[in-house]
Amino acid sequence: MSRFHVCGLGNAIVDIFLEVDDQDFEALEFERGTMRLVERDEQQALLTKFHDGQHDLKLVSGGSVANSVIGVSQLGGAAAFIGCVGDDRYGLHYVEEFEQLKIDMGNPVLVGETTGTCLAIITPDAERTMRTCLAVSSSLAERHIEPDRIANSEWLFIEGYVFANPETGQHAIREAIKIAKKNGTKVALTCSDSFIPAVFGDAFREALAGSDLLFCNASESVAVAQASNAKDAFAKLEDWVPNCVVTDGPQGAFVRYQGEEAHVPAVASQPKDLTGAGDMFAGAFLYGITHGYGAEVSARGANFLCHKVISQVGARLHTRTKEYWDAAVA
């Protein structure tokens, strides 16, 4: 029996949530809803600009797959995570929070390095515009892959953003998949963003060929399958990967897992912040299929938890996660 239900591999990022009005946002001249990588100095300038006593900066340890792993743990699953942080205040905050969440990280701290941060700027329309400084998280490399943790997991869950580091991250992914295959650990993969399969297509498709399950949203599915819409992409992806989930916001989710195929409606919501919806879906779905729930029921529970996540500010729930799940799948 595996020690962990899910072991995540991804960028360890401290999310910094900032709510602004439209006037403040327009002054930044950012394209709404985008995610862009920035260097440390640019990130620090942004944080300094809004550290003015008038804006509330909320810190939450995360990263895309890290958020999914947190969801697994909050629901009662056994979770592990492989990523890198620095020995600054953000990194120490990250490690302490993961210890409290009972997620096995091993020893991720790299001395003298800066921890990655993601500034999520939230506007009144609930859209999030992200500026991410990967810092030491982009150092995640083959040498950081711990075979025992992957071998003792039912699933390895790989973050698409790691493909954006060809010199280090892509080698880490190949090594992790090799270890998973050797030990009978199933592999799940998430796109993270449509630019990943678009820009790093060869490496992404190589990993997809070795995966058992793909998670993507509508735009990501279109980018992977070269389709015109999510429904068509979902159909085409059957030839690429044995199991697949395509989330399509208010249109619900297309699910194919172990011969079961379904479309699961979304839960009607009044969104405050769309951050983390897909991360929560993946974590909740993985929890479901590792705890005896069928694909459709797992997606129904995952959709409900997504509804709860986007009805608040922040990428994850802090209370009542298992209670919400139980109510949704009853």
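Structural remarks
- DSSP assigns beta bridges within the chain; of those with both partners inside it, close to 40 percent run antiparallel.
- Within-11-Å neighbourhood charge of Pro197 [Cβ basis; K, R +1; D, E -1]: -2
- Using the Karplus relation 6.51 cos²θ - 1.76 cosθ + 1.60 with θ = phi - 60°, the per-residue 3J(HN,Hα) values for the range 42-47 come to 5, 5, 5, 5, 5, 5 Hz, with x marking Gly and Pro.
- Ranking Cys244, Met1, Gln44 by how far each Cα lies toward the positive end of the dipole of the chain (charges on Cβ) leaves Met1 at the top.
- Shape analysis of the range 1-128 based on the Cα gyration tensor places the equivalent ellipsoid semi-axes at 29, 17, 12 Å, largest first.
- Reachable lysines, given that their alpha-carbon falls under 21 Å from the alpha-carbon of Lys182 and they are not under 8 places away in the same chain: none
- Converting phi to 3J(HN,Hα) with the Karplus coefficients 6.51, -1.76 and 1.60 and the offset θ = phi - 60°, the range 232-248 yields 5, 4, 4, 5, 5, 5, 4, 7, 9, 8, x, 10, 8, 10, 10, 8, 9 Hz in sequence order, with x at every glycine or proline.
- Counting only lysines at least 8 places from Lys178 when in the same chain, those with an alpha carbon closer than 22 Å to its own are Lys186.
- For Met35, the residues whose amide H sits under 5 Å from its own are Met130, ignoring neighbours fewer than 5 places away on the same chain, with H placed 1.01 Å from N.
- Distance in nm between pseudo-label sites at Ala235 and Lys49 (7 Å out along the Cβ direction from Cα): 4.5 nm
- Per-residue 3J(HN,Hα) values for the range 173-184, derived from phi via the Karplus relation 6.51 cos²θ - 1.76 cosθ + 1.60 with θ = phi - 60°, read 5, 4, 5, 5, 5, 4, 5, 4, 4, 5, 10, x Hz in sequence order (x marks Gly and Pro).
- FRET E, pair Asp22, Lys322, Förster distance 45 Å, beta-carbon r, rounded to 0.05: 0.75
- GNM result for the chain, Cα springs below 10 Å: residue of Ala277, Ala262, Ala79 fluctuating most strongly: Ala262
- Charge tally in the Cβ shell below 14 Å around Arg320, where Lys, Arg are +1 and Asp, Glu are -1, Arg320 excluded: +1
- Summarising the amide proton neighbourhood of Gly86: residues at separation of 5 or more, or on other chains, whose placed amide H is nearer than 5 Å comprise Gly91, Leu110, Thr115, Gly116.
- The label point for Glu127 and the one for Glu206, both projected 7 Å from the Cα toward the Cβ, are 3.6 nm apart.
- GNM flexibility winner over the chain from Phe254, Phe25, Phe163 (Cα, springs under 10 Å): Phe25
- Surface/4 of the Cα convex hull for the chain, nm²: 15.6 nm²
- The chain - mean residue ellipticity at 222 nm from DSSP helices (-39,500 (n - 2.57) per run, n ≥ 4, rounded to 500): -11500 deg cm²/dmol
- Net +/- balance of residues flanking Ala262 in space, Cβ distance below 12 Å, scoring K and R +1, D and E -1: -1
- Separation between Cα centres of the range 254-269 and the range 95-174, rounded to whole Å: 28 Å
- Put a plus charge on the Cβ of each Lys and Arg, a minus charge on the Cβ of each Asp and Glu, and nothing anywhere else: the dipole of the chain about its Cα centre is then about 980 debye.
Computed from the coordinates by the stated procedures, all read-outs in this text should not be read as laboratory data. These numbers come from a predicted model, not from an experiment. All Cβ positions, even for glycine, are placed from backbone atoms using ideal geometry, and neighbour counts span all protein chains on display.
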